[in-house]
Structures are given as structure tokens and as C-alpha cells.
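Q: Input: one structure, supplied below.
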Amino acid sequence: MKLTGHFFKILNTTHTDSKEFSTRLALNPAHIVYKGHFPGYPVTPGVIQLQMVHELLEGHLSKSLKMKNMSQCKFLKILNPLETSAITVHLELVEQQGYLSVKARGENEADTFFKLRANYQTK
Amino acid sequence: MKISKENIKLFIPQREPFIMIDNLIEVSEDRFVTDFKVSFDNIFLERAVLREFALLENIAQSSAAGLGFLNKDLLGLPDGFIGGISNLVLYDLPRVNDCLHTVVTKLTQLGNMYLLKGESYVADKKLVECKLKLVGMARDSNE
């Protein structure tokens, strides 16, 4: 299941530099994931928020990644696509020896929905 | 067997296609064990490999099912959500038709907030481990 273009659509991307960018994306409340999470009460699953970050990174780098480890992620606020139709995901990347170290957060106006720190490897 | 696949929906709020556990096999006060066969129609499959996101959801739902079973006498079972994940290490990913065994250990509980450790295996091979913070949520307060 690819989320890009289905679960969410990219509205625009702003590059601060090659190591930092922000993507504004719109959520699709009609997506099949929301049928099960939860019926009549759509909540964006935490693991789907992780996959959104994953696909934005892959799109930025134009290569497939796998997560190696994640020291921490926090889901700070319920992300209901009927209440919050679009969010901005900020990503910072640092190339380490043999892997990629990433900091990400998802927010909209004053709300922060998630924050994470994880390391990824090229597949 | 504590809860079979047919009854698991009585204990977790997720519904198809987002159910990522089958049976709750063992439950004690601080340890839950579930299984999950990776079905060909799982939404997290990619070229016959189950993505890491499904493994994390499996650990979260294993936790929710265990906690749901322990609290089954309480009326109005609350929904829960993942408050955080830490110390996650991924070793490998399962393939279609693999049967996942997941062991969740309850580390601490503060009111409706639980800190749990989750580990998933196929046969004896560990695929993933992490710590998970689950927050119980009364649905009414969020509507």
C-alpha cells in the first residue's frame, strides 16, 4: 500500500537546504485505512504517520529506504482528517556512516501531531 | 487460547482492513502473547513482505487486546492510541503466510497510561522490539 497520492496528496514542498525540507500535504478521509481506524470516527493511525514520513523521505532522496531503528517518536494529538484536512511535515536529515539520521515532526498551525527521531538505511 | 480470532473485535476497536492480530493466546497481569498470520490481502504487504508499520501496529493491538481482556468486566471499554514508541530496533520483516508471535510485557502503568515492551518473532527469530506507550481514551471526551 503506497500512501503518496492515495492516503495523502502533496500540496507543496519547501526546501530550506538539501538537508531540511517541509511538505504540506492533504489527508484523504475517504481512504480505506480510516474504514477500520475507526468506523465512523477517523483517526490517522500512528504507524501510518510513520509511513507518511518514510515515503516523504524516499521521495526526497529518490531511493527506497528501510527503517533501522527509532530512538523515539511521540504522538501528541489525535489527527482526525475531518477536523484537520492538511498538515505540514518538517524533515531534517543527517547523513551518517552507512545510514541516514532523521528528525521529523508533523504540525498544523499551533498543533503538533507527532515528533520522531529515527535512522534509516538504503534498501 | 484466551480470545480467538472470531471474537477479537470485542476487545480491540480496530476493524478491517486494519486488524493486525489474530488470536490472544496467553494473558497474565503483565504479559500478553498473540499470533498473527500474514495474509495475502494485508494492506501493508509490499512485494510479499510485510512492512514495519504493520509490525508496530501488531504490537499495539496485542497490547490493546491483553489490556482489554484484563479489563473485560469494566463497562465501556475505552479506545486507546499509541502515545509513543521508543527503543525500536528492526531486525527483519515477515513474509506472506508467516505466522507472527508477539510477546508484550507490561513495564509500568500510571492511570490510563501504560508503558509496554513488545517483541515479535517468526519461529524463533526476533523481527522487532520496541517500547510502546499506550494511552487509554474515553471516546466521549474527544467528540
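Q: Just checking, does region B:95-108 include any residue being away from chain A (no Cβ under 14 Å), of a type in the set (Asp, Glu) and touching a residue at least 12 places away in the same chain (Cβ under 8 Å)?
A: yes
Q: OK, next. So, in region B:32-52, how many residues would count as being under 12 Å from the mean Cα position of the chain (by Cα) and not aliphatic (A, V, I, L, M)?
A: 4
Q: Just wondering, is there one or more residues in region B:70-78 that are under 25 Å from residue A:79 (Cα atoms), hydrophobic (A, V, I, L, M, F, W, C), touching a helix residue (DSSP H, G or I) at 6+ places or on another chain (Cβ under 7 Å) and within 14 Å of chain A (Cβ to nearest Cβ)?
A: yes
Q: Could we say that residue A:72 is loosely packed, with under 15 Cβ neighbours inside 10 Å and out of contact with any strand residue (DSSP E or B) (no Cβ under 9 Å at 6 or more places or on another chain) here?
A: no
Q: Moving on to the next point. Hey, among A:5, A:40, which residue is modelled with pLDDT under 95 and over 12 Å from the mean Cα position of the chain (by Cα)?
A: It is A:40.
Q: Of all residues in region A:29-53, count the ones that are more than 8 Å from chain B (Cβ to nearest Cβ) and not small (Gly, Ala, Ser).
A: 8
Q: Okay, next question. Of everything in region B:53-69, what is more than 8 Å from the chain's Cα centre (by Cα), more than 9 Å from chain A (Cβ to nearest Cβ) and in contact (Cβ under 8 Å) with a residue 60 or more places away in the chain? Give them in sequence order.
A: Within region B:53-69, B:67, B:69 meet the criteria.
Q: Let me ask something else. Check whether at least one residue in region B:19-39 is surrounded by fewer than 19 Cβ atoms within 10 Å (Cβ to Cβ), within 14 Å of another protein chain (Cβ to nearest Cβ), assigned to a loop (DSSP other than H, G, I, E, B) and in contact (Cβ under 8 Å) with a residue 12 or more places away in the chain, and report yes or no.
A: Taking every residue of region B:19-39 in turn, at least one turns out to be surrounded by fewer than 19 Cβ atoms within 10 Å (Cβ to Cβ), within 14 Å of another protein chain (Cβ to nearest Cβ), assigned to a loop (DSSP other than H, G, I, E, B) and in contact (Cβ under 8 Å) with a residue 12 or more places away in the chain.
Q: Of the residues that make up region A:78-101, is at least one within 11 Å of another protein chain (Cβ to nearest Cβ), of a type in the set (A, V, I, L, M, F, W, C) and within 23 Å of residue B:64 (Cβ to Cβ)?
A: Yes, some residue in region A:78-101 is within 11 Å of another protein chain (Cβ to nearest Cβ), of a type in the set (A, V, I, L, M, F, W, C) and within 23 Å of residue B:64 (Cβ to Cβ).
Q: Would you mind stating whether residue A:47 is surrounded by fewer than 16 Cβ atoms within 10 Å (Cβ to Cβ) and in contact with a Leu (Cβ under 9 Å, 6 or more places away or on another chain)?
A: The answer is no for residue A:47.
The values are calculated or read from the model by the stated rules, or taken from the named source; none is laboratory data. Since we're looking at a predicted model, the values are computed, not measured. Quick reminder, even Gly has a Cβ in these numbers, built from the backbone with ideal geometry, and neighbours come from all protein chains shown.
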